[in-house]
Amino acid sequence: MSDTVLDKIYIGSNYPFWQAQIQVGTNGAGNWTNVAYYWNGAWTAAVDENDGSGDFCAGTGLKFVSHSPQGDWVQTAILGMNLYWMMIRTDNFVIE
């Protein structure tokens, strides 16, 4: 397993959100599988996820990740910040 598998990015807000903007500075190399999750008491796969970043391999610049917020999304504390969190986790990575 690669060291990058299970790496995470957390995106939080005071309010439920359907889209996040991510500034990609360096295009990813290799074959990535990133999955978005939201918190409902446990990390749960986001519904209708649309990864405009192409798993961070679709070039640099401003990219969008969206999903359909679910009614069971609840706030939780991460690093002392009680917010609605989305987690994007690398579930698979293969060097090409």
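Numbers below:
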| quantity | calculated |
| --- | --- |
| Leading residue by the ranking (farthest from Asn40 (Cα to Cα)) among those in region 64-96 that are open to solvent by 30 Å² or more (accessible area, probe 1.4 Å) and aromatic (Phe, Trp, Tyr) | Phe93 |
| Cross-chain or 6+ apart pairs with Cβ under 6 Å, region 21-36 first and under 16 Å from Lys8 (Cα atoms), then among the basic types (Lys, Arg) and at pLDDT 70 or above | Ile22/Lys63; Val24/Lys63; Val35/Arg89 |
| Elements of type strands (runs of 3 or more DSSP E) contained in the chain, each with 2 or more residues being over 13 Å from the mean Cα position of the chain (by Cα) and at pLDDT 90 or above | 76-78, 81-94 |
| Enumeration of residues in region 23-43 that are over 15 Å from Leu6 (Cα atoms) and open to solvent by less than 60 Å² (accessible area, probe 1.4 Å) | Val24, Gly28, Gly30, Tyr38, Trp39, Asn40, Gly41, Ala42 |
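The values are calculated or read from the model by the stated rules, or taken from the named source; none is laboratory data. All values derive from a computational prediction rather than experimental measurement. Methodologically, a virtual Cβ is constructed for each residue, glycine included, from the backbone with ideal geometry; neighbour enumeration extends over all protein chains shown. Accessible surface is based on the protein model in full, side chains and every heavy atom, while ligands, DNA and RNA are left aside. Shrake-Rupley method; radii C 1.70, N 1.55, O 1.52, S 1.80 Å.
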